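Visitor: Below: one structure in structure tokens.
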Amino acid sequence: MVATDLASWTDGAARTAIVEFVERVTDEKGPGFVEPAARVAVFDNDGTLWCEKPMPIQLDFTIGRLGEIAADDPELRNQQPWQAAYTHDLRWLGAAMVKHYHGDDADLKLLMGAVTRAFDEVTVEDYDATVTAFFARAEHPGLHRPYRSCGYLPMVELLRYLQGHGFTNYIASGGDRDFMRPVAEALYGIPPERVIGSALGLTYRGEQGQLLYKAAMDFFDDGPEKPVRIWSRIGRRPILSVGNSNGDLPMLEFCELPDTPALRLLILHDDSVREFDYTDGAEDILAAAQGRRWSVVSMRNDWREIFTPTDGPGDTG
């Protein structure tokens, strides 16, 4: 049975804000009514729908590939990010994203360059199969649970709650859209066509009918790029948006229509016992949320449970 309520949310300001907002936009006789077609909700993924520490899940997947390449090429082992991948230096890899959120993209550019090289000439089908195999076996290094069960149960409930009230949910993530697509429907109930994210370039080889990745980024869906990609893909402004880091700030700002209710939720990682406690890379969006009275969701206080069950991806019973 699919859960359509918010059972894992405690009674508090965050849950109340969600329920009151949904009731307002679905009340056909009320002043805040929004037609179902315009009930668009967008969600970041890393740190919003699933765990991102000690590093994003995709990064764990990627360093496995980079490490394999470095193992075959000794010269790469002294260059970043190949060196970090080969030695499994999680500190360097994790810090690259934090530096990005602070405006320093030097290490991220090195990482992106390596990623494009690592998957050059791989077909979209082979990449899909590799991602699927990764999620079938890989486990979080600190939580000791399968990655496919590192999604946040309260967020899965929220997605289903919104869907049950006529919303269309989208993922708008800085992560690779094709890394999320093979698992997003099972984990979150979001089909591949509603996953917006960063992307490697693609090229079509007509003789074989193949679509292959090439050694170049098409776009990096983070920060100011998020509203651009949302509009390009959806053609509507969202009325509900959820994020957790500075890179999500433009997306939450974009969640605004004249004379239309809007809800912005910021996921605050403040539970060191059940998950992690950190604000690195979220300083700007936290300040914005406090100054603009957006709803801050405390993992420690607002969520009765954190993760989806380990007996099945996205299965809430």
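Visitor: Hey, could you check the range 244-264 for residues that are part of a helix (DSSP H, G or I) and touching a Pro at 6+ places or on another chain (Cβ under 7 Å) and say which is nearest to Glu35 (Cα to Cα)? Break it down stepwise before answering.
Guide: Kept after step one, since they are part of a helix (DSSP H, G or I), are these residues of the range 244-264: 246-254.
Restricting the remaining residues to those that are touching a Pro at 6+ places or on another chain (Cβ under 7 Å) gives 250-251, 254.
Values: Pro250: 24, Met251: 21, Phe254: 19 Å.
Filtering the range 244-264 for residues that are part of a helix (DSSP H, G or I) and touching a Pro at 6+ places or on another chain (Cβ under 7 Å), the one nearest to Glu35 (Cα to Cα) comes out as Phe254.
Visitor: OK, next. Could you check Leu93 against (1) modelled with pLDDT of 85 or more; (2) surrounded by 15 or more Cβ atoms within 10 Å (Cβ to Cβ) and say which number it fails?
Guide: Result: Leu93 passes all but (1).
Visitor: Among the candidates Gln79, Gln58, which residue alone is in contact with a strand residue (DSSP E or B) (Cβ under 6 Å, 6 or more places away or on another chain) and of a type outside the set (Phe, Trp, Tyr)?
Guide: Gln58
Visitor: What is the residue count in the range 137-157 for residues that are open to solvent by 40 Å² or more (accessible area, probe 1.4 Å) and either closer than 30 Å to Leu266 by Cα or in contact (Cβ under 8 Å) with a residue 40 or more places away in the chain (or both)?
Guide: Total satisfying the criteria: 7.
Visitor: Could you tell me which residue of the range 96-122 is farthest from Asp176 (Cα to Cα), considering only residues that are assigned to a loop (DSSP other than H, G, I, E, B) and open to solvent by less than 50 Å² (accessible area, probe 1.4 Å)?
Guide: Taking the range 96-122 and keeping what is assigned to a loop (DSSP other than H, G, I, E, B), we get 102-105, 119-122.
With the extra rule that they be open to solvent by less than 50 Å² (accessible area, probe 1.4 Å), the set shrinks to 119, 122.
Working: Phe119: 12, Val122: 15 Å.
Out of the qualifying residues, it is Val122.
Visitor: Okay, moving on. In the range 46-73, how many residues are of a type in the set (Lys, Arg) and part of a helix (DSSP H, G or I)?
Guide: Matching residues across the range 46-73 total 1.
Visitor: Okay, next question. Listed residues Val242, Val273, Val297; which is open to solvent by 10 Å² or more (accessible area, probe 1.4 Å) and among the β-branched types (Val, Ile, Thr)?
Guide: Answer to the check: Val273.
Visitor: Report whether or not Pro227 is in contact with a Phe, Trp or Tyr (Cβ under 6 Å, 6 or more places away or on another chain) and part of a helix (DSSP H, G or I).
Guide: yes
Visitor: Let me ask you something else. Any idea how many residues of the range 159-195 are aliphatic (A, V, I, L, M) and in a helix (DSSP H, G or I)? Before the answer, list the steps.
Guide: First, pick out the residues of the range 159-195 that are aliphatic (A, V, I, L, M): 159, 162, 171-172, 180, 183-184, 186-187, 190, 195.
Imposing the further condition that a residue be in a helix (DSSP H, G or I) reduces the set to 159, 162, 180, 183-184, 186-187.
Looking only at that region, the number is 7.
Visitor: Taking the conditions exactly as written (modelled with pLDDT of 95 or more, among the acidic types (Asp, Glu) and exposed (fewer than 15 other Cβ atoms within 10 Å of the Cβ)), does Glu125 satisfy them or not?
Guide: So Glu125 passes the test.
Visitor: Which one is most open to solvent (accessible area, probe 1.4 Å) among residues in the range 226-239 that are within 16 Å of the chain's Cα centre (by Cα) and more than 21 Å from Ala287 (Cα to Cα)?
Guide: Arg229
The values are calculated or read from the model by the stated rules, or taken from the named source; none is laboratory data. Quick caveat: nothing in here was measured; it's all calculated off a predicted structure. Every residue, glycine among them, receives a Cβ derived from its backbone with ideal geometry; neighbour counts consider all protein chains shown. Areas reflect the complete protein model, heavy atoms only, side chains present, ligands, DNA and RNA absent. Shrake-Rupley method; radii C 1.70, N 1.55, O 1.52, S 1.80 Å.
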